[in-house]
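The values are calculated or read from the model by the stated rules, or taken from the named source; none is laboratory data. Since the structure is predicted, the reported quantities are computational estimates derived from the model, not experimental observations. Virtual Cβ from ideal backbone geometry, glycine too; neighbours counted across all protein chains shown. Heavy atoms of the whole protein, side chains included, go into the accessibility calculation; ligands, DNA and RNA do not. Shrake-Rupley method; radii C 1.70, N 1.55, O 1.52, S 1.80 Å.
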Number of protein chains: 2
Amino acid sequence: MAAYAAQAGLPALVLVPAEGVATGKLAQTLAYGARTLLVRGDFDDCLRLLQEAQERLGVYLLNSINPFRIEGQKTIILELLQQLSWQAPDWIVFPAGNLGNTAAFGKALREARQWGLISRLPRLAAVQAAGAAPFVRSFEEGFRQRYRVKADTIATAIRIGDPASYERAVTAIKETNGVVLSVADADLLEAKAGIDVSGVGCEPASAASIAGLRALRRRGTIGRSESVVGILTGHILKDPDVLLRQHQRTESPPPWANPPREIEANIAQVERMLRESGN
Amino acid sequence: MAAYAAQAGLPALVLVPAEGVATGKLAQTLAYGARTLLVRGDFDDCLRLLQEAQERLGVYLLNSINPFRIEGQKTIILELLQQLSWQAPDWIVFPAGNLGNTAAFGKALREARQWGLISRLPRLAAVQAAGAAPFVRSFEEGFRQRYRVKADTIATAIRIGDPASYERAVTAIKETNGVVLSVADADLLEAKAGIDVSGVGCEPASAASIAGLRALRRRGTIGRSESVVGILTGHILKDPDVLLRQHQRTESPPPWANPPREIEANIAQVERMLRESGN
């Protein structure tokens with residue numbers, strides 16, 4: 001938003017929680033010249049404030065509450081289907097926080113079928129972080145009630161306790177015979193390590209896709225022969241701090257940690273390090 | 001390199017200076033699983049070590065000393081010319097450190113003319129950081145001598161004192177009637193702020209292009225009506241720390257600083273901040 005506002009010559013206002021915003025996102029926002037307010041509160045406080053600002057201060061809201069945002073997010077699905085030559089996969093698995101993607105994916109799939117682009121709907125699997133899983137709770141109770149929680153997870157992009165697009169997301173899950181589940185932060189970080197070391201990489205929240213897929217395979221919800229698309233929503237460089245912290249952790253490092261080693265500038269030390277790593 | 005090695009299933013070895021590597025680059029390298037050695041020395045020490053490792057440890061060198069790297073970097077120029085419908089600009093301005101791009105750009109332009117893709121050569125303007133400008137010194141003395149310096153600049157990507165592609169870069173500058181100049185770190189950061197706030201953004205070293213272009217306009221080397229392409233070599237998220245440090249600096253902040261402001265979660269404070277920023 002900050003980048004496009006800058007290119008269009010429009011003033012931009014960005015509200016973020018004072019704590020827990022990914023370094024890359026904050027750095028870009030400041031660089032692009034957006035007026036950036038660190039709110040002493042969480043994502044949900046920021047969203048509430050923005051809604052008030054929209055009503056009282058003449059600010060145009062560009063969060064996914066804005067229906068044009070949802071229209072834009074639909075292109076994720078349309079491009080995905082196009083790349084699969086309009087053969088819909090059995091499942092689409094993706095991270096779920098504010099539920100904008102869930103809502104947009106449901107709408108895109110419904111329209112794609114209406115327009116005759118695909119003949120059947122894939123099932124959506126929306127994956128929340130265990131510490132920010134109000135939608136999971138609603139799903140497990142048959143969507144009888146909407147919940148709000150105090151969100152807490154390492155995955156800042158889905159650290160959301162009161163998802164704005166709840167109603168439209170319920171429709172999306174119901175229409176696609178979808179499922180909603182949660183994954184622990186540890187599983188999410190392990191999944192992220194696998195995505196990273198494949199040479200692709202992603203921000204922490206995105207790894208909910210793969211962690212969720214693993215859980216659904218374990219449960220047998222997703223069968224061995226079913227086709228699945230997992231969606232990575234954020235670039236690896238959005239959150240370099242989580243990365244460096246995990247890989248350089250000295251106390252009980254995770255099994256996938258790849259800490260850098262410091263050496264003197266001589267070839268004997270390079271040789272020793274190569275031998276140690278088995279290359 | 002780490003990403004492609006991971007995707008190809010090849011073990012990767014990365015040597016970087018123990019101090020002064022951009023956060024984003026280190027984070028990605030670790031994430032992609034490359035064996036990463038922090039060498040107590042500078043870029044030039046790392047390159048020397050890698051050359052020894054190539055000879056003695058059977059390591060394949062993927063630095064721009066490797067001619068295939070230069071072939072790849074040529075595509076920057078070929079794509080640029082294609083996007084300009086094969087109408088070469090009068091100037092191409094770009095950051096210069098290890099001189100791989102300078103060498104590759106010269107080769108690409110020579111070949112493009114030989115192949116009849118363009119009818120005349122643009123002039124190359126290679127821009128170094130003032131604290132890492134051995135090529136500038138050589139240029140100013142008519143390339144009578146090659147120099148080595150102890151490099152010191154905020155622009156980590158061109159913090160290089162003994163450029164590996166010196167000889168090929170000399171040919172490139174001579175053949176294109178090019179120029180070589182240096183810019184101070186302060187000018188570089190100011191240029192970067194302008195690139196960032198345009199909504200494009202870049203890493204610090206890349207801004208040498210625009211800082212250099214400004215200097216060449218001031219000197220009259222580049223005329224008012226000449227066409228210029230400036231090349232940005234690195235993404236803004238490669239080095240988020242420099243960004244945050246500059247924008248959040250409390251002691252003599254630069255005029256373009258855009259510090260975030262911390263507020264309580266209430267609309268009155270949002271309103272006050274908007275009024276203060278004149279929106």
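Pairing residues of the stretch B:138-166 that are modelled with pLDDT of 95 or more with residues that are aromatic (Phe, Trp, Tyr) and assigned to a loop (DSSP other than H, G, I, E, B), at Cβ distances under 7 Å and at least 6 apart in sequence or on separate chains, gives B:138/B:147. Exactly one residue out of A:245, A:249, A:224, A:214 is more than 9 Å from chain B (Cβ to nearest Cβ), surrounded by 15 or more Cβ atoms within 10 Å (Cβ to Cβ) and not in a strand (DSSP E or B), and it is A:214.
Taking first residues from the stretch B:41-66 that are open to solvent by 60 Å² or more (accessible area, probe 1.4 Å) and partners that are of a type in the set (A, V, I, L, M, F, W, C), the Cβ contacts under 6 Å between residues at least 6 apart in sequence or on separate chains come to B:54/B:61; B:62/B:1. Please specify each residue of the stretch B:44-75 satisfying the condition of being away from chain A (no Cβ under 11 Å) and in a helix (DSSP H, G or I). Within the stretch B:44-75, B:67, B:68, B:69, B:70, B:71, B:72, B:73, B:74, B:75 meet the criteria. The condition (being modelled with pLDDT of 95 or more, more than 9 Å from chain B (Cβ to nearest Cβ), over 20 Å from the mean Cα position of the chain (by Cα) and open to solvent by 20 Å² or more (accessible area, probe 1.4 Å)) is satisfied by just one residue among A:78, A:84: A:84.
Yes or no: residue B:238 at the interface with chain A (Cβ under 8 Å from one of its Cβ atoms), crowded, with 19+ Cβ neighbours inside 10 Å, within 24 Å of residue B:151 (Cβ to Cβ) and not aliphatic (A, V, I, L, M)? Steps first, please.
Details: at the interface with chain A (Cβ under 8 Å from one of its Cβ atoms): yes; crowded, with 19+ Cβ neighbours inside 10 Å: yes; within 24 Å of residue B:151 (Cβ to Cβ): yes; not aliphatic (A, V, I, L, M): yes.
For residue B:238, the condition - at the interface with chain A (Cβ under 8 Å from one of its Cβ atoms), crowded, with 19+ Cβ neighbours inside 10 Å, within 24 Å of residue B:151 (Cβ to Cβ) and not aliphatic (A, V, I, L, M) - is met.
Within the stretch B:29-40, the set of residues being facing another protein chain (nearest Cβ under 7 Å), touching a helix residue (DSSP H, G or I) at 6+ places or on another chain (Cβ under 6 Å) and open to solvent by 20 Å² or more (accessible area, probe 1.4 Å) comprises B:32, B:33. You will find that of A:257, A:207, A:186, A:193, the residue that is of a type in the set (A, V, I, L, M, F, W, C), open to solvent by 20 Å² or more (accessible area, probe 1.4 Å) and within 13 Å of chain B (Cβ to nearest Cβ) is A:257 and no other.
Scanning the stretch A:1-28 for residues that are open to solvent by less than 30 Å² (accessible area, probe 1.4 Å), outside any strand (DSSP E or B) and farther than 24 Å from residue B:27 by Cβ yields a count of 3. The residue that is farthest from the chain's Cα centre (by Cα), counting only those in the stretch A:144-173 that are open to solvent by 30 Å² or more (accessible area, probe 1.4 Å) and under 25 Å from residue A:214 (Cβ atoms), is A:149. In the stretch A:18-28, of all residues being without any contact (Cβ under 8 Å) to a residue 40 or more places away in the chain and either facing chain B (nearest Cβ under 8 Å) or more than 20 Å from the chain's Cα centre (by Cα) (or both), the one that is nearest to residue B:269 (Cα to Cα) corresponds to A:18.
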